[in-house]
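What follows is a set of notes on a single structure, which appears directly below.
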Amino acid sequence: MLPVRPALTAILIAVAALPAAGPVRADNPLSGADTRGDAGQPSKIWMNETDLRAALAGKAVAGEYPSGREFHETYEADGRVAYADDLRASGGHWSIESGAFCTIYDDDPMGGCFRVHKVGSNCYEFYFVARTEEEARAAQKEPSWTARAWLEQEPATCKDHISA
């Protein structure tokens, strides 16, 4: 075993030999950008509460489900939500619980809580994690891709394929 002082010197020499850190790159998880995980698949960087509020509060989105069915949803600044697709229209409220964006409808159980991944300057993917706000606070499920949406006031930047 090396005495403490020579061991510390060896560690410092090894650290000094490492390449210097460069600028934060887009594929760096600390950059907030999409990164590559195992087998080259995209890793998800979930939006936090501050980002979700800034991106969605007081805004209207258009979106689509995996089936191709389209929907429109408005997230009022006061927490109310209005949803419409070709089959129904519902009102309710939205909230953010434990990092999940929740849309809970007054007359329809189809709402839920979703982790949100921003995949372009105006493209958001929603991953179901809980049916209720209470469930989102207690124990979220493994995220499951549910829909993607974009702000209606700006050009959509979603690609033709789904990144899930």
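A few remarks follow.
- Residues that are of a type in the set (A, V, I, L, M, F, W, C) and more than 9 Å from the chain's Cα centre (by Cα), drawn from the stretch 115-144: CYS123, PHE128, VAL129, ALA130, ALA136, ALA138, ALA139
- Scanning the stretch 78-93 turns up no residue that is at pLDDT 95 or above, closer than 24 Å to ALA156 by Cα and touching a Leu at 6+ places or on another chain (Cβ under 8 Å).
- Counted residues, the stretch 118-144 - those being surrounded by fewer than 18 Cβ atoms within 10 Å (Cβ to Cβ) and either in contact (Cβ under 8 Å) with a residue 40 or more places away in the chain or of a type in the set (Phe, Trp, Tyr) (or both): 1
- Unique match (being surrounded by 13 or more Cβ atoms within 10 Å (Cβ to Cβ) and at pLDDT below 85) among LYS59, LYS44: LYS44
- Listed by first and then second residue, the pairs with beta-carbon distance under 7 Å, at least 6 apart or on different chains, first residue in the stretch 62-74 and over 17 Å from GLY91 (Cβ atoms) and free of Cβ contacts under 8 Å to residues at least 12 places away in the same chain, second of a type outside the set (A, V, I, L, M, F, W, C) and exposed (fewer than 14 other Cβ atoms within 10 Å of the Cβ), form an empty list.
- Enumeration of residues in the stretch 49-61 that are charged (D, E, K, R) and touching a residue at least 60 places away in the same chain (Cβ under 8 Å): ASP51, LYS59
- Applying the condition of being loosely packed, with under 15 Cβ neighbours inside 10 Å and over 21 Å from the mean Cα position of the chain (by Cα) to the stretch 74-88 and asking which residue is nearest to TRP150 (Cα to Cα) yields ALA84.
- Residue match in the stretch 155-162 (condition: of a type in the set (A, V, I, L, M, F, W, C), out of contact with any His (no Cβ under 7 Å at 6 or more places or on another chain), under 20 Å from ILE45 (Cβ atoms) and without any contact (Cβ under 8 Å) to a residue 40 or more places away in the chain): yes
- Subset of the stretch 89-117 (residues that are of a type in the set (Lys, Arg) and surrounded by fewer than 18 Cβ atoms within 10 Å (Cβ to Cβ)): none
The values are calculated or read from the model by the stated rules, or taken from the named source; none is laboratory data. This is a predicted model, so every value here is computed, not measured. Neighbour counts run over all protein chains shown; Cβ positions are idealised from the backbone, glycine included.
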